[in-house]
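The structure appears below as structure tokens.
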Amino acid sequence: GTGRVLTDFNSSTDYGRGVALRSDGKIVVVGVSGSAVAVARYNSDGTPDTSFGPAGTGRLVTTGINAGSEGNAVVVQPDGKIVVAGVATGQFGILRYNPDGSLDNGFASGGLATIGFAGFGDAAYCLALQGDGKIIVAGYAGYSGGAHLTGAMRLNADGTLDTSFASSGRLSTGG
């Protein structure tokens with residue numbers, strides 16, 4: 001082998017932006033395909049995981065969120081569900097997929113939480129899972145004085161905003 005794997009999502013702009021390992025050694029990569037969130041899962045030897053995605057392709061593209069959607073960070077929950085953070089509608093977009101790659105309808109609204117700060121131009125780039133299942137997301141929280149603000153929020157395990165975190169579940173600093 002060459003020690004590398006290339007996955008074509010059939011767009012002229014495919015980018016990988018985040019990676020996570022499952023407890024069984026499988027590799028999950030998230031990114032962008034065109035203007036949509038892309039997710040691929042590989043076996044530990046780099047071959048596509050045929051138990052993931054439509055028709056056993058090992059990859060999927062989540063369309064229909066909005067133009068300009070992207071996946072920037074990923075974590076795998078202990079139950080094998082995949083949480084992706086990025087951008088949706090100019091706000092933090094957090095998606096949760098079932099282990100087979102289908103959207104988890106028990107998370108937020110049909111598998112997608114779209115939560116913003118005061119303005120527009122929010123983008124999530126970091127993601128962490130707490131031991132109690134709550135999800136912490138951080139990234140850009142709009143602009144102030146020509147500079148990006150840093151923003152963080154915490155979601156409950158069901159994808160709703162955890163209002164016990166900071167003030168109203170989110171905070172932003174900088175400028």
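Laboratory data are not the source of any read-out in this text; all were calculated from the coordinates shown. Values in this document were obtained by computation on a predicted structure and should not be read as measured data. Every residue, glycine as well, gets a Cβ built from its backbone with ideal geometry; the counts of neighbours run over all protein chains shown.
Summary table below
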| item | result |
| --- | --- |
| Three semi-axes of the equivalent ellipsoid, the chain, Cα gyration tensor, whole Å, largest first | 27, 18, 14 |
| For the range 71-175, Kirkwood radius (reciprocal of mean inverse C-alpha pair distance, Å) | 13.5 Å |
| Stokes-Einstein D for the range 1-95, Kirkwood Rh over Cα pairs, 10 °C, 1.306 mPa s (µm²/s) | 119 µm²/s |
| Formal net charge of residues neighbouring N43 (Cβ-Cβ distance under 12 Å; K, R +1; D, E -1) | 0 |
| Residue-span extension gain [T163 to T63] - 0.36 nm each, minus C-alpha spacing | 33.1 nm |
| Approximate spin-label separation N10-A128, in nm, with each point projected 7 Å along Cα-to-Cβ | 3.9 nm |
| For the range 28-70, the spread of Cα positions along each principal axis, largest first, Å | 33, 18, 11 |
| Karplus 3J(HN,Hα) series, Hz, for the range 12-20 with 6.51 cos²θ - 1.76 cosθ + 1.60 (x for Gly, Pro) | 6, 10, 10, 9, x, 10, x, 9, 8 |
| Spin-label pair L21/S109, simplified geometry with 7 Å Cα→Cβ offset, distance in nm | 3.7 nm |
| By average C-beta atoms within 10 angstrom, highest first, the peptides 23-30, 34-41 | 34-41, 23-30 |
| Farthest positive-ward along the chain dipole, Cα basis, beta-carbon charges - from C126, P48, I82 | C126 |
